[in-house]
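Written below as structure tokens is the structure these notes are about.
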Amino acid sequence: MSALVIDNIGLLVTNDPELGDGPLGTVRDAALVIEGERVAAVERAGAAGDERIDADGRCVIPGFVDSHTHLVFAGDRAAEFAARMAGAPYEAAGIRVTTDATRAASTEDLARLAERRRAEAFAAGITELEIKSGYGLEVDTERRLCEVAARLTGEVTFLGAHAVPAEYEGRADAYVGLVCGDMLSACAPHCRWVDVFCERGAFDEDQSRTVLEAGRAAGLGLRVHGNQLGPGPGVRLAVELGAASVDHCTYLEDADIEALAGGETVATFLPATDFSTRQPYPDARRAIDAGAEVAIATNCNPGSSYTTSMSFCIALAVRDLRMTVDEALRAATLGGARALGRDDIGRLRPGGRADAVVLNAPSHEHLVYRPGVPLVSRTVARGEVRHTAG
Ligand code: NIG
């Protein structure tokens, strides 16, 4: 098999302490040898290979793992965002606006829009991502969203319980019945995960439990949107049911921190959402210090976080969630992998997937030190160059 070598790496972050220094397993003056989709070896600079990328002394990190996106949708909510910046509150009811536009779009239009966003994510250094449904809220459109998402990733999440659609206003239990019945049957074959928006104004604890248990019975892993708009049962429910991840975690109470510290569920923070909705930032420091496993993700969606920039999320995580730079980088790579229950991605070690990003910078600290500057020079996913920017 021919080898691709990323050579002359000034600083390689492996995320494997056995391969290098410190918790990030950093190696100086390194070469990354790739065969097919996999990392073959981490060597000294100057390694032999059939094809060569010259990192020119710059930093190489594992590809970002974005474990929370809503990438398949139609329509635009820029006016809602502008109104929010002028003082209007964030309303989860905006989901219905996107639902109207998404229902009206053809499957091929949805696919084209999602592919464009996927390309943007590669340019941002995202080598693996999860995609949720949730802007159909009726059987046929939810199924179409799952099918389109499955063209782009194996990490597809059924989120029929994203909001109660207008036609079920005041009949949330009946809608939960549809979600757990025909909608789940139509979507589950395309999905790996089930998710629910457990929040006041969306689905309460009992309804959320019903959705998650139905998803589990259909063979899906569990994820939860919890504690986004206020304190609530989402985090504790996720831990109790052994969900892979509970996402948002903006409002964490003592009992939530205790649950996260004592459980297996990853706390996934979505700082660009708190930025875009003018919410307070979560206390990630407290969760980390208590021993919780954490991730950060973009939550790319048209309402509360229309960004594919993981670098921006990392900068917010450091500046406003009080993570260290190393913690934030790990959360955006290995943390995301853990939130997806994956051990083949999120780090660079022999046998793992060859997902790497060459930064136009000497160290990963520049992701925070130079906020807003596009520092992704090259994205390699499954051993193939997916983005080049000089
Ligand atoms: O994760 N919280 C629920 N869902 C999305 C927001 C969706 C929207 O506003 O369109 C989120 O923030």
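With Rh defined as the Kirkwood radius, the inverse of the mean 1/r over Cα pairs, the Rg/Rh of segment 119-159 is 1.04.
Close amide H pairs (under 5 Å, H built 1.01 Å from N) link THR250 with GLN228, residues at least 5 positions away or on another chain.
Hey, with R₀ at 41 Å, roughly what FRET efficiency would ASP109 and ARG52 work out to, going by the Cβ-Cβ distance, to 0.05? After rounding to 0.05, the efficiency reads 0.55. Pairs of Cα atoms in segment 252-373 fall into 10 Å distance bins, from 0 up to the last occupied one, in shares of 13, 42, 35, 8, 0 percent.
In this label model, GLU213 and ARG278 are separated by 4.1 nm, measuring between points 7 Å along each Cα→Cβ vector.
With a 1.4 Å probe rolled over the protein heavy atoms of all chains, the accessible area of MET183, MET85 falls in the order MET85, MET183, largest first.
Heavy atoms of the protein chains alone define the surface here; on that basis the chain has 37 Å² accessible area per residue at 1.4 Å probe size.
Scaling the Cα radius of gyration of segment 337-383 by the globular reference 2.2 N^0.38 Å produces a ratio of 1.32. Helix 107-123 axis versus longest C-alpha principal axis of the chain: approximately 40°, rounded to the nearest ten. The base-10 log of I(q)/I(0) for segment 58-99, evaluated at q = 0.17, 0.27, 0.28 Å⁻¹, reads -0.65, -1.03, -1.07 [Debye formula, identical scatterers on Cα atoms, solvent excluded]. Rounded to the nearest whole angstrom, the semi-axes of the ellipsoid equivalent to segment 289-334, taken from the Cα gyration tensor as √(5λ), stand at 20, 11, 10, largest first.
Could you work out the mean projected area of the convex hull around the alpha carbons of the chain, in square nanometres to one decimal? Each step should come with its number before you reach the end.
Values: hull surface 71.4 nm².
For the chain, the mean projected area of the Cα convex hull comes to 17.9 nm².
For segment 183-295, the convex hull drawn through the C-alpha positions has a volume of 102 cubic angstrom per residue. On the principal axes of its alpha-carbon atoms, segment 175-216 has extents of 30, 18, 15 Å, going from largest to smallest. The fraction of accessible area contributed by carbon and sulfur in segment 151-238 is 49 percent, rounded to a whole number (1.4 Å probe; ligands and nucleic acids excluded). The angle separating the long axis of helix 205-217 from the principal Cα axis of greatest extent in the chain is about 60 degrees.
Please express the shape of segment 1-69 as an equivalent ellipsoid: the semi-axes are the square roots of 5 times the eigenvalues of the C-alpha gyration tensor, given largest first in whole angstrom. Walk me through the numbers before you get to the answer.
On the way: eigenvalues 74, 50, 26 Å².
Equivalent ellipsoid semi-axes, largest first: 19, 16, 11 Å.
Might you report the magnitude of the Cβ-based charge dipole of segment 253-375 about its Cα centre, with Lys and Arg at +1 and Asp and Glu at -1, to the nearest 20 debye?
Values: 12 positive and 16 negative charges, 112 e Å.
Value, rounded to 20: 540 debye.
Annotation: amide H-H contacts under 5 Å for ALA295 (H modelled 1.01 Å from N, sequence separation of 5 or more, or interchain): ALA267, THR268, PHE269.
For the chain, what is the calculated [θ] at 222 nm in deg cm²/dmol (nearest 500), taking -39500 (n - 2.57) for each run of four or more DSSP H residues and dividing by its residue count? Walk me through the intermediate numbers first.
Details: 15 runs with 126 residues, N = 390.
Dividing the helical sum by the residues of the chain leaves -9000 deg cm²/dmol.
Along its principal axes, segment 26-177 has C-alpha extents of 65, 37, 27 angstrom, given from the largest down. Each Lys and Arg contributes +1 and each Asp and Glu -1, all at the Cβ; summed about the Cα centre of the chain, the dipole is approximately 680 debye. Annotation: extensible slack from ALA78 through GLU37 equals 10.9 nm (criterion: 0.36 nm per residue apart, minus Cα-Cα distance). Taking only the C-alpha atoms of segment 24-103, the Rg (one decimal) and the largest Cα-Cα distance, Dmax (whole number), read 22.5, 58 Å. Ranked from largest, the principal axis spans of the Cα set of segment 37-76 equal 49, 21, 18 Å. Measuring only protein heavy atoms, the 1.4 Å probe finds ARG117 accessible over about 20 Å². For segment 182-188, backbone phi angles converted through the Karplus equation (6.51, -1.76, 1.60; θ = phi - 60°) give residue-by-residue couplings of 4, 5, 4, 4, 6, 9, 3 Hz, Gly and Pro being listed as x. Placing pseudo-labels 7 Å out from each Cα toward the beta carbon at ALA119 and ASP289 gives an inter-label distance of 4.6 nm. Phi-derived couplings, Karplus 6.51 cos²θ - 1.76 cosθ + 1.60 at θ = phi - 60°, listed residue by residue for segment 150-161: 5, 6, 10, 7, x, 9, 9, 10, 7, 10, x, 8 Hz, with x used for Gly and Pro.
The values are calculated or read from the model by the stated rules, or taken from the named source; none is laboratory data. Here the structure is a predicted model, which means the values were calculated and not measured. Note: ideal-geometry Cβ built from the backbone for every residue, glycine included; neighbour counts use all protein chains shown. Only protein heavy atoms, including side chains, enter the accessible area calculation; ligands, DNA and RNA are left aside. Shrake-Rupley method; radii C 1.70, N 1.55, O 1.52, S 1.80 Å.
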